[in-house]
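The values are calculated or read from the model by the stated rules, or taken from the named source; none is laboratory data. Since the model is a prediction, treat every value here as computed from it, not as a measurement. Here the Cβ is made from the backbone with ideal geometry for all residues, glycine too, and neighbour counts use every protein chain on show.
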Amino acid sequence: MHLCPQLGDHLMITIEALSAFSDNYIWLLQDAQHKRVAVVDPGDAAPVQAWLQQHDDWTLSDILITHHHNDHVGGVEQLRRETGARVHGPANENIPGRDQALVDGDRIEVLGLALQVFEVPGHTLGHIAFYQPEQHWLFSGDTLFAAGCGRLFEGTPAQMYQSLQRLAALPDTTLVYCAHEYTLSNLRFARAVEPANPAIAERFRQVEAWREQGRISLPSDLAMERATNPFLRTAETSVKEMLASREGHALGSESEVFAALRAWKDHF
């Protein structure tokens, strides 16, 4: 588990990663002052139930959902039934037990924290992300990963490219709390795309050591992502040249570069 305390103006909120399935993370936000928690994308109720049993004087107040895939929503109805937690999720997807349907530009308050809602289609058509602007926390679900991005199950490459560009415009210090431990495999791909990029090589060494120690690789930050995530580097000459070499011709736009990258990664 990973603890990352962050001090708000009036609150101490701690973010903890609860492991689920083989490589999912359920993010658990803790408000120690009021002994209440919120969770992001509980695909499995059991890790959250276990935490609550160990902290039996705490309550689960809110459940935040980024998209409808079962490894993100599978535990929602059981947790809502047992705790009465309020479920916040994308309006344009079928979310079990949803109490509040969210669209782009909405703002909600959870544990005293203001969260902004961004619609980021691509992985799924209705996918949303949650952003806390004072602390610069981004709960990106399966849109932006550490050193990667989600597969395109429903959306188009152009949609995902625009979604990633929107997230990449957030401040350098933004902490990226994505939903999977994919960082090392993503960095293997990043090395293939930019074999001469020293930042990628160093990050690979660091994450490899962390994983050998059983340490998780998250959260990342956007400065690191811009330096090492090929899907945020479609404007870089090194990336364009690698894709032109693979495709046999130059690609006309960054969106086309992204589409070629995503297709390559799908079969990497």
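A few notes on this one:
- From Q30, Q6, residue being closer than 22 Å to L218 by Cβ, out of contact with any Gly (no Cβ under 9 Å at 6 or more places or on another chain), at pLDDT below 95 and in a strand (DSSP E or B): Q6
- Within region 96-121, the set of residues being touching a His at 6+ places or on another chain (Cβ under 8 Å), in a strand (DSSP E or B) and not aliphatic (A, V, I, L, M) comprises Q100, E119.
- Filtered by the rule that a residue be out of contact with any Pro (no Cβ under 8 Å at 6 or more places or on another chain) and either at positive phi or buried (at least 16 other Cβ atoms within 10 Å of the Cβ) (or both), region 105-121 gives G105, D106, I108, V110, L111, G112, L113, L115, V117, F118, V120, P121.
- Single residue of region 146-182 satisfying the filter (touching a helix residue (DSSP H, G or I) at 6+ places or on another chain (Cβ under 7 Å) and of a type in the set (D, E, K, R)) that is farthest from A227 (Cα to Cα): R151
- Checked against (1) buried (at least 21 other Cβ atoms within 10 Å of the Cβ); (2) part of a loop (DSSP other than H, G, I, E, B), R151 passes all but a single condition, namely (1).
- Residue that is touching a Leu at 6+ places or on another chain (Cβ under 9 Å), modelled with pLDDT of 95 or more and not in a helix (DSSP H, G or I), where the choices are L218, L243: L218
- Breaking point among (1) out of contact with any Asp or Glu (no Cβ under 8 Å at 6 or more places or on another chain); (2) surrounded by 24 or more Cβ atoms within 10 Å (Cβ to Cβ); (3) not in a strand (DSSP E or B), for T124: (1)
For every residue, the table says whether it meets (1) modelled with pLDDT under 95; (2) outside any loop (DSSP other than H, G, I, E, B); (3) of a type in the set (A, V, I, L, M).
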{"residue": "P195", "(1), (2), (3)": "no, no, no"}
{"residue": "A201", "(1), (2), (3)": "no, yes, yes"}
{"residue": "Q206", "(1), (2), (3)": "no, yes, no"}
{"residue": "W210", "(1), (2), (3)": "no, yes, no"}
{"residue": "M224", "(1), (2), (3)": "no, yes, yes"}
{"residue": "S238", "(1), (2), (3)": "no, yes, no"}
{"residue": "L251", "(1), (2), (3)": "yes, no, yes"}
{"residue": "A260", "(1), (2), (3)": "no, yes, yes"}
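- Screening the candidates A46, A17 for the property of being within 19 Å of P219 (Cβ to Cβ), of a type in the set (G, A, S) and at pLDDT 95 or above yields one hit, A17.
- Filtered residues of region 218-255 (kept if free of Cβ contacts under 8 Å to residues at least 40 places away in the same chain, more than 18 Å from A147 (Cβ to Cβ) and not basic (K, R)): T237, E241, A244, S245, E247, G248, H249, A250, L251, G252, S253
- Residues (hydrophobic (A, V, I, L, M, F, W, C), assigned to a loop (DSSP other than H, G, I, E, B) and touching a residue at least 40 places away in the same chain (Cβ under 8 Å)) located in region 154-193: L170, A179
- Residue in region 129-145 that is part of a loop (DSSP other than H, G, I, E, B), within 30 Å of M12 (Cβ to Cβ) and touching a helix residue (DSSP H, G or I) at 6+ places or on another chain (Cβ under 6 Å) present: yes
- Which listed residue, of D41, D99, D57, D71, is surrounded by fewer than 21 Cβ atoms within 10 Å (Cβ to Cβ) and under 17 Å from the mean Cα position of the chain (by Cα): D71
- Taken residue by residue, region 219-237 has at least one member that is under 15 Å from L170 (Cβ atoms), surrounded by 23 or more Cβ atoms within 10 Å (Cβ to Cβ), under 26 Å from the mean Cα position of the chain (by Cα) and hydroxyl-bearing (S, T, Y).
- Conditions (1) among the basic types (K, R); (2) surrounded by fewer than 19 Cβ atoms within 10 Å (Cβ to Cβ); (3) assigned to a loop (DSSP other than H, G, I, E, B): number failed by R81: (3)
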